[in-house]
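Written below as structure tokens is the structure these notes are about.
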Amino acid sequence: MSISKALTIAGSDSGGGAGIQADLKTFQELNVYGMSAITAVTAQNTLGVHGVFPLTADAVVQQIEAIGSDIGADAIKTGMLFNSEIIEAVSEQIKRFNWSKVIVDPVMIAKGGASLLQDEAVEALKNHLLPLALVVTPNIPEAEVLTGLNILNLDDRQTAAKILHSFGVKNVVIKGGHAENEEQLVDLLFDGTEFSYFTSERIHTKNTHGTGCTFAAAITAEIAKGKSIYHSAETAVAFIREAIKEDLKLGQGHGPTNHWA
Ligand code: PLP
């Protein structure tokens, strides 16, 4: 049996809703063998992030080396990277192993407000990691930080996608879920030439913890299987909708969005 393999380089969410845990569950759901390099441990539940404990860049490098030198990976996803030292070390490893199918979820702030990326690290993300990325998947606030734009409408999102593409990333997916007043959500894909749009009705629920991680992990799984960017994004949009609809209703705060077969 030959199986596609994906590596997530991200933070651990003890509550199981986001981060490494969401990524591995999503890979498994989509029939991809999941591996992880943990960048930081968070003490977290549906009520919020209660502690953040970053690992050293060396600890992150050793985990990646262990995978790259033995099992290998068909696609790589990055999530919470926390600081510029980790970002630069991860970028070096991606180059060293010649990994081209790299999906960057530019995780910055948890829904409860906890910082998952230090301010000093935004430039490192732009300068070191985005030029190596096949796909970047910001939400609207993350796209604003990366581009410096104030994104109010779809036109602004198109402009942001072009700016992000100019940083060297080949495909840009800007997720529409944070456009507060829109009932029709539009997730946008820009491949450097054309825009594609995935439109869906908003699902009203407070249980959306980990949607960003799960969405990017679904794209990564499909890309690991050799699918096109368009197919991967389309599958991820459908996958995350199903997961949000399922609504596991766990915990007292923002419950997890894990897909449940
Ligand atoms: N914790 C970790 C480790 C994450 O990677 C993320 C998101 O990417 C979060 C928490 C935040 O998840 P949410 O904003 O969906 O609550």
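Restricting to the range 99-145, what's the tally of residues that are in contact with a Leu (Cβ under 6 Å, 6 or more places away or on another chain) and more than 14 Å from the ligand (Cβ to nearest atom)?
Final tally of qualifying residues: 2.
Select from the range 170-187 the residues that are touching a strand residue (DSSP E or B) at 6+ places or on another chain (Cβ under 8 Å) and either acidic (Asp, Glu) or without any contact (Cβ under 8 Å) to a residue 12 or more places away in the chain (or both) and list them in ascending order.
Of everything in the range 170-187, those that are touching a strand residue (DSSP E or B) at 6+ places or on another chain (Cβ under 8 Å) and either acidic (Asp, Glu) or without any contact (Cβ under 8 Å) to a residue 12 or more places away in the chain (or both) turn out to be 183, 187.
Residues checked against (1) assigned to a helix (DSSP H, G or I); (2) within 20 Å of residue 254 (Cβ to Cβ); (3) among the acidic types (Asp, Glu); (4) in contact with a helix residue (DSSP H, G or I) (Cβ under 9 Å, 6 or more places away or on another chain):
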{"site": "125", "(1), (2), (3), (4)": "yes, no, no, yes"}
{"site": "143", "(1), (2), (3), (4)": "yes, no, no, yes"}
{"site": "164", "(1), (2), (3), (4)": "yes, no, no, yes"}
{"site": "179", "(1), (2), (3), (4)": "no, yes, no, yes"}
{"site": "188", "(1), (2), (3), (4)": "no, no, no, yes"}
{"site": "203", "(1), (2), (3), (4)": "no, yes, no, yes"}
{"site": "212", "(1), (2), (3), (4)": "yes, yes, no, yes"}
{"site": "216", "(1), (2), (3), (4)": "yes, yes, no, yes"}
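So which of 243, 238 ends up being more than 18 Å from residue 170 (Cβ to Cβ) and free of Cβ contacts under 8 Å to residues at least 12 places away in the same chain?
Exactly one residue qualifies, and that residue is 238.
Residue by residue, here is whether (1) within 15 Å of the chain's Cα centre (by Cα); (2) surrounded by fewer than 14 Cβ atoms within 10 Å (Cβ to Cβ); (3) among the aromatic types (Phe, Trp, Tyr); (4) within 13 Å of the ligand (Cβ to nearest atom) holds:
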position: 194; (1), (2), (3), (4): no, yes, no, no
position: 204; (1), (2), (3), (4): no, yes, no, no
position: 222; (1), (2), (3), (4): yes, no, no, no
position: 230; (1), (2), (3), (4): no, no, yes, no
position: 238; (1), (2), (3), (4): no, yes, no, no
position: 243; (1), (2), (3), (4): no, no, no, yes
position: 248; (1), (2), (3), (4): no, no, no, no
position: 261; (1), (2), (3), (4): no, yes, no, no
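Given the structure, is residue 53 within 16 Å of the ligand (Cβ to nearest atom), modelled with pLDDT of 95 or more and surrounded by fewer than 19 Cβ atoms within 10 Å (Cβ to Cβ)? Outline the logic, then answer.
On the way: within 16 Å of the ligand (Cβ to nearest atom): yes; modelled with pLDDT of 95 or more: yes; surrounded by fewer than 19 Cβ atoms within 10 Å (Cβ to Cβ): yes.
Judged against the criteria, residue 53 is a match.
Every residue, every condition in (1) under 19 Å from residue 22 (Cα atoms); (2) at pLDDT 95 or above, yes or no:
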site: 152; (1), (2): no, no
site: 164; (1), (2): no, yes
site: 175; (1), (2): yes, yes
site: 183; (1), (2): no, no
site: 190; (1), (2): no, yes
site: 197; (1), (2): no, yes
site: 207; (1), (2): yes, no
site: 211; (1), (2): yes, yes
site: 222; (1), (2): yes, yes
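List every residue pair whose Cβ atoms lie under 9 Å apart, where the two residues are 6 or more positions apart in sequence or sit on different chains, the first residue falls within the range 194-213 and is in contact (Cβ under 8 Å) with a residue 12 or more places away in the chain, and the second residue, located anywhere, is more than 16 Å from the ligand (Cβ to nearest atom) and small (Gly, Ala, Ser).
As it stands, the answer is 195/161; 196/233; 198/233; 198/238; 200/238, since those pairs meet every condition given.
Scan the range 10-43 for residues that are under 18 Å from the mean Cα position of the chain (by Cα), in a strand (DSSP E or B) and within 11 Å of the ligand (Cβ to nearest atom) and jot them down.
Hits for the range 10-43 are 10, 11, 12, 13, 38, 39, 40, 41, 42.
The values are calculated or read from the model by the stated rules, or taken from the named source; none is laboratory data. Keep in mind that this is a model prediction, so the values were computed, not measured. Glycine also receives a Cβ, built like all others from the backbone with ideal geometry; neighbour counts cover every protein chain displayed.
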